[in-house]
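As structure tokens, the structure follows; a few thoughts come after it.
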Amino acid sequence: MPCKNNISAASPSKAVRELSPYIPGLSITEIRDKYNLQNVIKMASNENPLGVSPLARDAIEQNAAFAFRYPQSGNPSLVKAIAKKHGVNPAQVVVGNGSDELIDLLIRVFASEKDSNLVCFEPCFSIYPIQAKINGTKLKRIPLNADFSFDFEKLLETVDKNTSLIFITTPDNPSGYCPPADSVRDFLERLHKKALGALVVIDEAYMDFTDEANLSLLNKTPLPKNAVFSRTFSKSYGLAGVRLGYLILPEDLADWLWRTRLPFSVNILAEQAGIAALEDVLFYTETLRTVKEGRKFLQGELKKLGCQVYPSHANFLMFRPPEGALSAAELHEKLLQAGIIIRKLTSYNLPGYLRVSVGNESENRQFIKAMKKILTSPAQ
Ligand SMILES: *Cc1c(COP(=O)(O)O)cnc(C)c1O
């Protein structure tokens, strides 16, 4: 039937019409053009401060000639390398086009029945609620404690028989808080005892950067049966641009995800770069050292400037500008004018807060220098 008045017959679902899309960090090109700047540094998206692992880069270059081939179905060599790293069976690993794809896949596979609900904290990484909404999954949200720690008691009370998935982020984004592994284990056990079938997704995108060892249950056996661990190559492995993430979960559950995932979502270059990055121990070690030292430096300097800085186990710091000084939005804008991109947290509903990713030594110094200049300028 022809359409009247040029109105297309296709229209998006109610969920899509009501969607507030994901707001990414600003890009270098965008800010360079807008403010007519020569040099812009980006400390907004928690990327690796050292760039790409040299071994991963070689692998990408060497495999460019194979770009005409489809990847091998199921990316078996990458899956095997990941399984080996974590001492698990390859059947417990699912790889995806960034953890973002896997988060969406988990929701599509396990939480899209009509009555299903998904539980997450407020605020949290915005991909969880956005993908839940797109998939028509009901959301239940629990406020974080005032110090950004997790209220597991409240979480347990909120979960009901229709809860399919619970998302927790350890260390958390944007605060950097990381709960003790024992409290996560205790929560999983109590959930199991209450005979609630919900699956807990433990997003460990930043786990490599923690100050204390053993904050991850993934390093302890046996692995819990009601948990999925999510990891990414975007942060500690420096591969955000090639898109690669993975899940570790019970085999029977992994099988459902493999059946549903688009066949070739992890491309040949990502696959080979991932394998090489896992072998690049030097780059990985250097990354952790740079992040831990940089985090300590930034933490100290921001405090000296009178900012309220939250303790962080990740490769970023959340902070508030000094009392009575500029607002977070004003400070963010002044930093942009100085060629430094950090993250406003308005999309997390935290308009008074800012998040800065740990950069390399030079970037960290430039950021602090700009902050000093802005905060001590008589104009404000
Ligand atoms: C950065 C980040 C990820 C990683 O996403 P990718 O899609 O793998 O790049 C996952 N979870 C959280 C909380 C993050 O901040």
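Computed from the coordinates by the stated procedures, all read-outs in this text should not be read as laboratory data. As the structure is a computational prediction, the values presented were derived from the model and not from experiment. Glycine gets a Cβ as well: all are built from the backbone with ideal geometry, and neighbour counts include every protein chain shown.
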- prompt: Looking at I82, I103, which is the one that is within 16 Å of the ligand (Cβ to nearest atom) and either surrounded by fewer than 16 Cβ atoms within 10 Å (Cβ to Cβ) or under 13 Å from V266 (Cβ atoms) (or both)?
  reply: I82
message: Need pairs with beta-carbon distance below 7 Å; first residue more than 13 Å from F167 (Cα to Cα) and within the range 220-236, second of a type in the set (S, T, Y) and away from the ligand (no atom under 12 Å from the Cβ); sequence gap 6+ or separate chains.
response: S236/Y284; S236/T287
task: May I ask you to list the residues in the range 8-49 that are surrounded by fewer than 17 Cβ atoms within 10 Å (Cβ to Cβ), hydrophobic (A, V, I, L, M, F, W, C) and either touching a residue at least 40 places away in the same chain (Cβ under 8 Å) or in contact with a His (Cβ under 7 Å, 6 or more places away or on another chain) (or both)?
output: A15, V16, L19, I23, I28, L37
- request: Can you work out which of the residues in the range 229-264 that are among the charged types (D, E, K, R) and more than 10 Å from the ligand (Cβ to nearest atom) is surrounded by the most Cβ atoms within 10 Å (Cβ to Cβ)?
  value: R261
statement: Reported set for the range 296-306 where residues are surrounded by fewer than 23 Cβ atoms within 10 Å (Cβ to Cβ) and touching a residue at least 12 places away in the same chain (Cβ under 8 Å) is F297, Q299, E301, L302, L305, G306
message: Exactly one condition in (1) in a loop (DSSP other than H, G, I, E, B); (2) more than 16 Å from the ligand (Cβ to nearest atom) is false for L155; which is it?
response: (1)
task: Taking I127 as the residue in question, decide whether it is crowded, with 20+ Cβ neighbours inside 10 Å, of a type outside the set (S, T, Y) and either farther than 20 Å from R259 by Cβ or within 15 Å of the ligand (Cβ to nearest atom) (or both).
output: no
task: Could you tell me whether any residue of the range 316-328 is surrounded by 15 or more Cβ atoms within 10 Å (Cβ to Cβ), in contact (Cβ under 8 Å) with a residue 60 or more places away in the chain and not aliphatic (A, V, I, L, M)?
output: yes
